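A.B. asks: Have a look at the structure that comes next, please.
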Amino acid sequence: MADDSPKEACGVFGVRDLQQPASHLTYLGLYALQHRGQESAGIAVSDGTKILVDKDMGLVSTIFDEHRLRALPGGLAIGHTRYATTGASAWVNAQPVSRHAGDLFFALGHNGNLVNTVALARELPPGAELGSDSDVVAGLLAAERTDLVTALTTVLPRLEGAYSFVAMDETRLIGARDPHGFRPLFLGQLDTGGWVLASETPALDVVGARVVREIDPGELVVIDDEGVRTLQFAVPRPRALCSFEFVYIARPDGRIAGVGVHAARRRMGMALARQAPVDADLVMPIPDSSIPGAQGYAAASGIEYGDGLIKNRYIGRTFIAPTQALRESAVRIKFNPIADMVAGRRLIVVEDSIVRATTLRGTMGMLRDAGAAEIHLRVLSPPYRWSCFYGLDTGDRSSLIAARMSVDEIRDHLGADSLEYLEIGAMTEAISPSPDGLCTACLTGDYPVPIPGLHA
Ligand code: SF4
């Protein structure tokens, strides 16, 4: 996906291992989850008596160094990487959030987005901090003025939308997942006997934890000296795991719901080759998330696979360029064509999804300028026509190109010779043998949890 991609959800991590510094393990876990949010990151830690929180704007590796991690002692920690979904991009909205209310002191990290934040905020006592939806949840928990687990069992059933939480008080690590299971959350165990929670399995891999299982929808796990205790705080509702975790968000080296992400993307590419074949010389991905899909397309079509674009891996935030020339340069900073690969050749360009298409249009122009004879664009998911309200920031619906234009218009706008999107049934079949368990609202407009205002 190009830089008009949705801003990823968030990454959460937690560890309780009384034999190792939890802040260092959390740093490694967050490093593995950096792709889920690059605006801010934070770690909360407890030595058993008090909680310390350190968070800042920026990447995990730029915020935390050895000095800063050493200042966070203890064997219990949670961490968070964030991209803003509800609430502005600002330090005050960085996570974990923490609250001190009477004897209750806790920290909380949230992946997902609630859809009833406004209604929940009305339940808060006057003067409560209001920023993101996560702040509102923290305020509701603090208002309970009771034990954190008791507060969670009271507050969580009132939340509507998507949430995978990690939370902690001075001694316990807690995880919870919404009754639809929109966002993933995994439980792992270290060789030392310590326990880990993480948004994705690669974060367990990097700290040497074995994947035990996923947290179930509607489940709360409490980890303390006695081990792992589980509570079902809500009856599971129809499963609605985000299909875009498989298309774009999650790392390809992970597994979700028992399905390997890389293999799912490869199957999408194979299905696309069967659905939309075309005579061509080269199958090439828009790097990086489209690579497995392009490999699948090439394998199923028998057409050579290769790189036609090189991606600069050190791109941070792109700036708003004041002139057309600078805007073109800004696209070229991210991608540059390999002229020898594309000149005079008929290309099948594989992209995982098209959201706004601003960068993709520039990229297609670069391939033409480099001498591509034909460009056939193939997309590993159906047209992205509806906004996500469950934690993937795709902006207002009017910014989605497929909400404004037909497929033919998009093809012409991008300057492609042909454009085909993978059909929804083929996409869900490539992900899972039970497609009923997936959210596809951004592709179909069929929202598993009604959106106030949209469904008023
Ligand atoms: Fe994922 Fe789309 Fe559903 Fe959002 S609307 S949770 S991006 S499938």
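A.B. asks: What list do you get for 50, 334 if you sort them by fewest beta carbons within 10 Å? Intermediate values should be presented prior to the final figure.
C.D. replies: On the way: 50 10, 334 19.
By the 10 Å Cβ count, ascending, the order reads 50, 334.
A.B. asks: Work through the residues other than residue 225 whose Cβ is under 14 Å from its Cβ and net out their charges, Lys, Arg +1 and Asp, Glu -1.
C.D. replies: Working: positive: 16, 172, 229; negative: 17, 169, 170, 224, 226.
Combined, the nearby Lys, Arg, Asp and Glu give -2.
A.B. asks: Right, next: Using the number of other C-beta atoms within 10 angstrom as an exposure proxy, rank 311, 55 with the fewest first.
C.D. replies: In increasing order of surrounding Cβ atoms, one gets 311, 55.
A.B. asks: Would you mind ranking 168, 427 by Cβ crowding within 10 Å, fewest neighbours first?
C.D. replies: In order of increasing Cβ crowding within 10 Å: 427, 168.
A.B. asks: Please report, in debye to the nearest 20, how large the charge dipole of the stretch 11-237 is about its Cα centre when each Lys and Arg carries +1 at its beta carbon and each Asp and Glu carries -1 there.
C.D. replies: On the way: 18 positive and 27 negative charges, 62 e Å.
The calculated dipole for the stretch 11-237 is roughly 300 debye.
A.B. asks: Calculate the dipole size of the chain relative to its Cα centre from +1 charges on Lys and Arg beta carbons and -1 charges on Asp and Glu beta carbons; express the result in debye to the nearest 20.
C.D. replies: 340
A.B. asks: Applying a 10 Å radius around every beta-carbon, put 283-295, 97-109 in order of their mean neighbour count, most first.
C.D. replies: My ranking of the peptides, most packed first, is 283-295, 97-109.
A.B. asks: Helix 358-369 versus the longest principal axis of the chain: what is the Cα-based angle in degrees, 0 to 90, to the nearest 10?
C.D. replies: Helix 358-369 sits roughly 30 degrees off the main axis of the chain.
A.B. asks: Computed on alpha carbon atoms, what radius of gyration and Dmax characterise the chain, expressed in Å?
C.D. replies: Using the Cα atoms of the chain, the pair Rg, Dmax is 22.4, 71 Å.
A.B. asks: State, as an integer percentage, the relative contact order of the chain based on alpha-carbon contacts under 8 Å between residues 6 or more apart.
C.D. replies: Computed over the chain, the figure is 15 percent.
A.B. asks: A further question on this structure: What's the extension gain from residue 397 to residue 19 if we count 0.36 nm per residue and subtract their Cα-Cα distance?
C.D. replies: Here the answer is 131.2 nm.
Laboratory data are not the source of any read-out in this text; all were calculated from the coordinates shown. It should be emphasised that the depicted structure is a prediction, and the values quoted were computed from it without experimental measurement. Every residue, glycine among them, receives a Cβ derived from its backbone with ideal geometry; neighbour counts consider all protein chains shown.
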